[in-house]
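Q: Submitted below is the structure of interest, expressed as structure tokens.
Derivation of every value follows stated rules applied to the coordinates shown; laboratory data play no part. Nothing here was measured: the structure is a model prediction, and the numbers come from that model. Here the Cβ is made from the backbone with ideal geometry for all residues, glycine too, and neighbour counts use every protein chain on show.
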Amino acid sequence: MGDVEGIPHQLLFDAVAKVISEDTINIVNKNDKIVISKDTFYTRYIKRVLDIIVSGTVLLLVLPINFILMILTYFDVGLPIIFKQVRIGKDGKLFNLVKFRNMTNEKNELGELLPPDQRVTKLGKFVRKTSLDELINFWSVFKGDMSIIGPRPLAIQYNSRYSERHKKRTAVKPGLECPRIHNTKYGNTWTGQFENDIYYVENVSFMLDLKMCFALISMVFNKKNSNMRGAANRGSFIGYNKDGSSINSRKVSRYYFDLAIKEINENLNI
């Protein structure tokens, strides 16, 4: 759902997330299991050494590709070629994720940027589907903000929406990807992704990283997975139902929208 009664899109969904949290988060936290993150010699030292070796090698190998992407981006969307996104890192620490621009700055009648899926260019869709947009992220791995394998770094507004259990996904460094190698009852939803992240946090090891690296390679060359990734069709993470399943921005009930609009109007003394 887009703008409602002249209320800016971001303000509306922040308010919706707040009323959902007030209604469900205590129940979700009460029923969740405690997360115990794995702490070993591998997680403390070896994993970082491997990240430096792999990311440094990849950066050198893909330098010509990144140079070509830089030129194509310039002719596609102009300057600036690169933009920074603030993301949530290990232990909730914020860091800047660097990416090539692949969206226009088109706005709606309120002067707000249109949703991302309406602003992505043809080149942007191509580089997303082929995962070429991920290549520059190896720089974040080399710097130490990220790891090759780990929970994907998400938007900072999600931090206040997580359950206590899912906040533990930041107990490890975020990664380029955290491929699913086991099924959860939540399927391809935000909760399914978060539960997979928690599985990684509790079981991280060299063998698990190796398995996920092979799964990551398979994802890159799997057309179906690439198309799903490029479409970004799950909407934004908004909160939880009382059973712990996730609510996304495309499937919010009218009840929560009405509560959010009422609260916004009261705060604005309308």
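Q: If you scale each eigenvalue of the Cα gyration tensor by 5 and take the root, what three semi-axes come out for the stretch 1-72, rounded to whole angstrom and sorted largest first?
A: For the stretch 1-72, the ellipsoid semi-axes come out as 41, 30, 6 Å.
Q: Further, regarding this structure: Test of understanding: given the chain, find the longest segment containing no GluC sites (Glu not before Pro) that are in a DSSP loop and have at most 16 other Cβ atoms within 10 Å.
A: It runs 113-270.
Q: Okay, next question. Obtain the nm distance between the two label points defined at ASN108 and ALA215 by a simple spin-label model: each point lies 7 Å from its Cα along the Cα-to-C-beta direction.
A: Here the answer is 3.6 nm between the modelled labels.
Q: Follow-up. What are the residues whose amide H is under 5 Å from the amide H of GLU177, where those residues sit 5 or more places off or on another chain and H is modelled from the backbone?
A: Amide H neighbours of GLU177: GLY150.
Q: Which length gain, in nm to one decimal place, applies between GLU263 and ASP243 when the Cα-Cα distance is subtracted from 0.36 nm times their residue separation?
A: 4.7 nm
Q: Separate question: Starting from the 7 Å offset along Cα-to-Cβ, what nm value, one decimal, do you get for the label separation of VAL54 and ASP32?
A: 2.7
Q: Pick out, in residue order, every one of the trypsin sites (Lys or Arg not before Pro) in the stretch 114-205 that is DSSP loop and has at most 12 other C-beta atoms within 10 Å; say none if there are none.
A: Hits after loop and neighbour filter: LYS185.
Q: Between ASP39 and GLU202, what is the spin-label point distance in nm, taking each point 7 Å from the Cα along the Cα→C-beta axis?
A: 1.8
Q: Would you mind telling me the antiparallel percentage of the DSSP bridges in the chain, rounded to 5?
A: Counting only bridges with both partners in the chain, antiparallel ones make up about 90 percent.
Q: Mind ordering 246-252, 88-94 by average Cβ neighbours within 10 Å, highest first?
A: With the highest mean Cβ count within 10 Å placed first, the list reads 246-252, 88-94.
Q: So what is Rg over Rh here for the chain, counting just Cα atoms and using Kirkwood for Rh?
A: Value, to two decimals: 0.97.
Q: Once you list every other residue whose beta carbon is under 12 Å from the beta carbon of GLY144, what net charge do they have if Lys and Arg are +1 and Asp and Glu are -1?
A: +4
Q: Next question. Please report the net charge: other residues with Cβ closer than 14 Å to the Cβ of LYS30, K and R +1, D and E -1.
A: Net charge in that neighbourhood comes out at -1.
Q: Once R0 is set to 35 Å, what does the formula 1/(1 + (r/R0)^6) return for the Cβ-Cβ distance between PHE126 and LYS185, expressed as a FRET efficiency to the nearest 0.05?
A: The pair PHE126/LYS185 has a calculated efficiency of 0.55.
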